[in-house]
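Here is the structure we will look at.
Please treat every number below as a calculation from the coordinates, not as lab data. Worth saying up front: this structure is predicted, and the values here are computed from it rather than measured. Every residue, glycine among them, receives a Cβ derived from its backbone with ideal geometry; neighbour counts consider all protein chains shown.
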Amino acid sequence: MDTAAILGFDPSDPAFRADPYPRYPAPGGLSRTPAGLWVTSSYAACEHVLRSPAFGHRTPDGQSWRSGAQGRTPSFLIMDPPDHTRLRRLVSKAFTPRLVERLEPRVAALVDELLAATGPEFDVIQALAYPLPVIVISELLGVPPQDRERFKSWSDALARGLDPDFLLPEHEIVQREQARLEFAAYFRELAALRRAEPRDDLLSALVAVSDDGDALSEPELLATCVLLLVAGHETTVNLIGNGTLALLRDPEQLAWFRDNPDAAGAVVEELLRYDPPVQLTLRTAVTDTELDGVPLPAGSMMLLLVGAANRDPAAFERPGTLDLTRYAEGSAAPRHLSFGHGIHYCLGAPLARLEGRLALRALAQRDLTLAADALTYRDNLVLRGLSALPVRVNDTAAQEHVIPA
């Protein structure tokens, strides 16, 4: 069965890559694909499924739609309670909002440093969107600078591997599992060093974290490190890239942002809604339930098109319009679903917001225009992001204009 019959749309269509939103099923009730997959792009339905205990990542017999290698400990990203509850609680004790707040001066300095190294034309992805979050999460985990480049191929394989197994060719599943093994081997060695000589970094905190005597086992620690490193930068790369492109395509909104740099927090929220890094997720009914009056027996698989749900006219006014004031202070706009909802709400959302706010604010202060008509996107389905975003600096003096952190 081809991909369109499984999903209800064809993600390999070049037109879909350029603009998937008109090609997703229209918001409304549920639809069912020829393969038997339930699909919804309704904001209300997606929000309900994400917070409902009737839906999870595993089927009643304990299987998962992203199975991976037999016997491998998965990350808590695809766990259900009570395992998810326990692991997330432990990781949250080490990866705290206060830890992220302390990073702001370093992130601001990195943004300035990376942009200062650009010329009159540069690729936003390679110059800023990719290196910024990689450096930040690597420093946070205590990864030596000389090892960062080793992660590129591993991370690419794992990011592609976030797509459901049934959509991936066998060789990409093999590449994903090999990358996971190599990542785990690397962090096993680094964790051993931190046990012997703890430092002021997140890996040392994860090694030492405890809750009434409970602690992360080594397989759980390794799975968590891989998750944090991959999720800690892949989504932010796409937030900065997709957000920059949206701004460059809307000069009026970009000019407003340039005149209102203090609104960067609200701007990031609207850009996350408008063209989110994470486009979809899957859930399984873990018990007999119903959604929008449709009975769903246990084991029913549900595809949640959160990118489309963020543009549901039943939830958002002028959903296809970029409005940087949508999330201004006091706004009653519904929150977007780009970081999920419920128990699986993105643990790294504060870090992604911080990096996106500082990077996009700095880019908006420069007089940039697109330097290419045709843009290419990566092949990933779950993660939507550009391969490259070439821009031209129209006023080279603007490269030196920096907004204080």
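Before moving on, here are some points about what is shown:
- Cα gyration tensor category, rounded, prolate or oblate, for the chain with a/c compared to 1.5: oblate
- Distant-in-sequence amide contacts of Asp288, defined by a placed amide H-H separation under 5 Å and a gap of 5 or more residues or a different chain, comprise Ala298.
- GluC sites (Glu not before Pro) within segment 243-338: DSSP coil, no more than 12 neighbouring Cβ in 10 Å: Glu317, Glu329
- In the chain, taking the dipole from charged Cβ atoms about the Cα centre, the farthest positive-side position among Leu248, Ile78, Leu167 is held by Ile78.
- Additional length obtainable on full extension of the chain from Ser52 to Asp367, 0.36 nm per residue less Cα span: 108.8 nm
- Mean Kyte hydropathy of 0.0 or more with a Cα span along the axis of at least 24 Å, helices from DSSP in the chain: 218-248
- In sequence order, segment 301-312 has phi-based couplings of 9, 10, 9, 9, 8, 5, x, 6, 4, 5, 10, 6 Hz under the Karplus curve 6.51 cos²θ - 1.76 cosθ + 1.60, θ = phi - 60°, and Gly or Pro positions carry x.
- Linear extension gain, Ile343 paired with Glu290, 0.36 nm per residue minus alpha-carbon span: 17.1 nm
- For segment 1-54: rounded, prolate or oblate by the Cα gyration tensor [a/c cutoff 1.5]: oblate
- Gyration tensor verdict on segment 174-328 (Cα atoms; rounded if a/c is under 1.5, prolate if a/b is larger than b/c, oblate otherwise): oblate
- Extended-chain gain in nm, criterion 0.36 nm per residue less alpha-carbon gap, Asp211 and Asn260: 13.3 nm
- Under 15 Å from the Ala388 label point (7 Å along Cα→beta-carbon), backbone N, segment 88-121: 119, 121
- Separation of segment 80-137 from segment 13-35 is 31 Å, based on Cα centroids.
- The calculated FRET efficiency for Arg89 paired with Ala192, based on their beta-carbon distance and R0 = 25 Å, is about 0.55.
- Modelled label positions at Glu252 and Ala332, each set 7 Å beyond Cα in the direction of Cβ, lie 2.4 nm from each other.
- Placing a pseudo-label 7 Å from each Cα along the Cα-to-Cβ vector at Arg32 and Ala15 gives an inter-label distance of 2.9 nm.
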